[in-house]
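A.B. asks: Have a look at this one before I ask anything.
The values are calculated or read from the model by the stated rules, or taken from the named source; none is laboratory data. The shown structure was predicted, so the numbers you read here are calculated from the model rather than taken from an experiment. When we count neighbours, we look across all protein chains shown, and the Cβ atoms used for this are built from the backbone with ideal geometry, even at glycine. Surface accessibility is based on the protein's heavy atoms, side chains included, excluding ligands, DNA and RNA. Shrake-Rupley method; radii C 1.70, N 1.55, O 1.52, S 1.80 Å.
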Amino acid sequence: MGPDAADLDVARAFRAGDEAALAEAYRRWAGLVHTVARRSLGSAADADDVTQVVFVGAWRGRSGFDPDRARLSTWLVGIARHAIADAHRARVRHLRTERALATSLVTDPGEGAPADAALDRVLLADELDQLGDPGRTILRLAFDHGLTHSQIAAELAMPLGTVKSHVRRGLARLRERLEVDGGAR
Amino acid sequence: MAHVDPDILALLALGEQDAVDPSGREHLASCPECSAAVDELRRTVAVGRSLTDDDQPSVPSPAVWRAVHAELGLAPELAADPLGERSATAELAVGPTAEPTADASVDAPGPAPAPTAPPSTDASVVVPLRARRPRSWAWTAAAACLALVIGVGAGATWMRRGTAPTGSTVANATLDALPAWPGASGEARLEKEPDGTRRLVVSLAAGVPDDGFREVWLIRDDLSGLVSLGVLDGTEGTFDVPAGLDTTRYSLVDVSQEPLDGNPAHSSDSIVRGPLV
């Protein structure tokens, strides 16, 4: 059973109201939600607030989630993006009232959703973590160190063909994750 | 003409232009499908290459689950933070040091090593993982998974053992159990012949599952690579160390439990591990 099948089980149990599935979803994706929020809001405390809002909101709104049409992670990231946008707007309001500044001086961030590129990076980092070794190590050698597949094979004492197929499978999975959950499209 | 092998397309996306032969290159130039596939993968590679330390996954504070649990009135048995265990593991994996455990060196003759002593500056001794760890966060995550609790092992065993090397023994390792293998232990000894050939003698005390086998590895101190030395049959084995392998860098002795799945890679299920010193 691949990770996707396991995720689908969690998603279905979540939709059905199984509280243990909520805990499992939290275990699996709270870090992702938190990271996306922290990258956008620049504050771990605000990211904590967003994470709470997202999981409480997701549980209460689970009737609106269809596990056969969307991944639970995708749905949670979608809720997170709304919550992050709200947090940005709340900050602007806060600035306006607290400092009583002329509204013209307050720069409305306008966006609110995390920058798409930042979201993509967080998603890719998360998926890379899910890959497991040796795929993850192989791709990191290629990404961070710019090694060719034959250098990687030598480095890890692995057959060329094995490295190649890990590169292909790993990249395909990362691409799929960006396609499904990513912001830039 | 046939499409270009997907393996090759992936390598092209990583910038390995030499991966494709002339006929493949010709095909690519005229095949929208293949070139679109490369372009899409290139975008993925660009994101992968842009990762920074800031993209390192972060963990919500324990207060968040408490608040979720209270706000939704969840069952009492779900009160524990689902992330509790994982974050503790992560801290162990990358933390500076752990409390030294009872160590084999305790009963060894000679001066007792001070648990808090800084790593030796002797050039022949590898420095602890933490100091050598590359900046990239990627490796800390790799450490968390591949190595699991190297921080613990390092804290406990990056000390010279009390026994002086005798004869042809040039380095020793005390192998400590990983959390999934409580009670396991082992020793390794690196021996050198006058002609320069080196052998690693490994002994392991651990419960034996019904299937699979044990494999002995030397892992680089920054976890960026590993070399398989062979299959450990029984509780002790002697393995040739490839000539030219720098054992001051490939300094972590690792014994893994491997499934019979035909996959030559490390299973990530390490039984014991320890640094050669």
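A.B. asks: For B:Asp261, put the label point 7 Å out on the Cα→Cβ axis and report which residues of the stretch B:209-247 keep their amide N under 14 Å from it.
C.D. replies: Within reach of a label on B:Asp261, which here means backbone N under 14 Å from a point 7 Å along Cα→Cβ, the stretch B:209-247 contributes B:212-213.
A.B. asks: Is the shape of the stretch B:159-277 best called rounded, prolate or oblate, per the rule: a/c under 1.5 gives rounded, else a/b larger than b/c gives prolate, else oblate, with a ≥ b ≥ c the square roots of the Cα gyration tensor eigenvalues? Before the final figure, lay out each step's value.
C.D. replies: Values: a/c = 1.70, a/b = 1.43, b/c = 1.19.
Cα axes put the stretch B:159-277 in the prolate bin.
A.B. asks: Can you give me the Cα centroid spacing of the stretch A:1-73 and the stretch B:1-67 in angstrom?
C.D. replies: Rounded to whole Å, the Cα centres lie 27 Å apart.
A.B. asks: How far, in nm, would the chain grow between B:Glu26 and B:Asp5 when pulled straight, counting 0.36 nm per residue and subtracting the alpha carbon separation?
C.D. replies: Values: separation 21, 0.36 × 21 = 7.56 nm, distance 1.36 nm.
Between B:Glu26 and B:Asp5, full extension yields 6.2 nm more.
A.B. asks: Let me ask you something else. Can you pull out the buried accessible area for chains A and B, both sides counted, probe 1.4 Å, rounded to the nearest 100 Å²?
C.D. replies: Details: alone 10480 and 16120 Å², together 21680 Å².
In total, this chain pair buries about 4900 Å².
A.B. asks: In Å², and per residue, what accessible area does the stretch B:177-254 have when probed at 1.4 Å with the other protein chains present? Don't jump to the answer; show the numbers that get you there.
C.D. replies: Numbers: 3550 Å² over 78 residues.
Solvent-accessible surface per residue comes out at 46 Å².
A.B. asks: Can you tell me the FRET efficiency between B:Glu193 and B:Glu16 if r is taken as the Cβ-Cβ distance and R0 is 60 Å, rounded to the nearest 0.05? Spell out each step's value before the answer.
C.D. replies: Working: r = 40 Å, r/R0 = 0.67.
The formula returns an efficiency of 0.90 here.
A.B. asks: May I ask you to derive the FRET efficiency for B:Ala36 and B:Ser268 from their Cβ-Cβ distance with R0 = 45 Å, giving the value to the nearest 0.05?
C.D. replies: Values: r = 35 Å, r/R0 = 0.77.
E(calc), rounded to 0.05, equals 0.85.
A.B. asks: Suppose the chain between A:Asp86 and A:Asp9 were pulled fully straight at 0.36 nm per residue; how much longer would it get relative to their current alpha carbon spacing? Intermediate results must be reported in sequence, preceding the final value.
C.D. replies: Details: separation 77, 0.36 × 77 = 27.72 nm, distance 3.07 nm.
Roughly 24.6 nm would be gained on extension.
A.B. asks: I would also like to ask the following. Using label points projected 7 Å from each Cα along Cα→Cβ, tell me how many nm separate B:Thr235 and A:Glu179, to one decimal.
C.D. replies: Output for this residue pair reads 5.4 nm.
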